[in-house]
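The values are calculated or read from the model by the stated rules, or taken from the named source; none is laboratory data. The model shown is predicted, which means the values in this text are computed figures rather than measured ones. All Cβ positions, even for glycine, are placed from backbone atoms using ideal geometry, and neighbour counts span all protein chains on display. Surface areas here come from the heavy atoms of the whole protein model, side chains and all, with no ligands, DNA or RNA. Shrake-Rupley method; radii C 1.70, N 1.55, O 1.52, S 1.80 Å.
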Amino acid sequence: MEKILCYSCNKNKNKLNLRKSSLLPINLLVCETCIASKFEPRWVIILSGRQFGSEYVREYVIKKRYIGNEISASELLV
Ligand SMILES: [Zn+2]
């Protein structure tokens, strides 16, 4: 069986939920833990930052509402 990983934490979970991203008009498969923590996938935050400016994703970056390496300011620049 194909393994489906949480888009946000990249972990293999038994249950994933289809959730609309709060930053981009896309649907994401995310696990309960990430939903409870209001996490967005790291790449979604970076893409949104590049598209709409760093102010748009400020909350997510400051509160570190994502899994993975720290997002640097330079990553939010095109
Ligand atoms: Zn997750």
*For the chain, compute the number of Lys pairs whose alpha carbons are separated by less than 13 Å, excluding pairs fewer than 8 positions apart on the same chain.*
6
*Might you tell me the accessible area per residue for the chain, computed with a 1.4 Å probe and given in Å²?*
69 Å²
*What fraction, in whole percent, of alpha-carbon pairs in the chain exceed 13 Å separation?*
64 percent
*Relative to the longest principal axis of the C-alpha atoms of the chain, give the angle of the C-alpha long axis of helix 42-52, reported between 0 and 90° and rounded to the nearest 10°.*
40 degrees
*Taking the mean number of other Cβ atoms within 10 Å as a proxy for protection, how do you rank 70-77, 57-64 from highest to lowest?*
57-64, 70-77
*On the accessible surface of the chain, probed at 1.4 Å, how many percent belong to carbon and sulfur atoms?*
53 percent
*Please give the calculated 222 nm ellipticity per residue for the chain, where each DSSP H segment of at least 4 residues contributes -39500 (n - 2.57) and the sum is spread over every residue; nearest 500 deg cm²/dmol?*
-9000 deg cm²/dmol
*Using the beta-carbon distance between Asn12 and Glu70 and R0 = 30 Å, what value does 1/(1 + (r/R0)^6) give for FRET efficiency, to the nearest 0.05?*
0.80
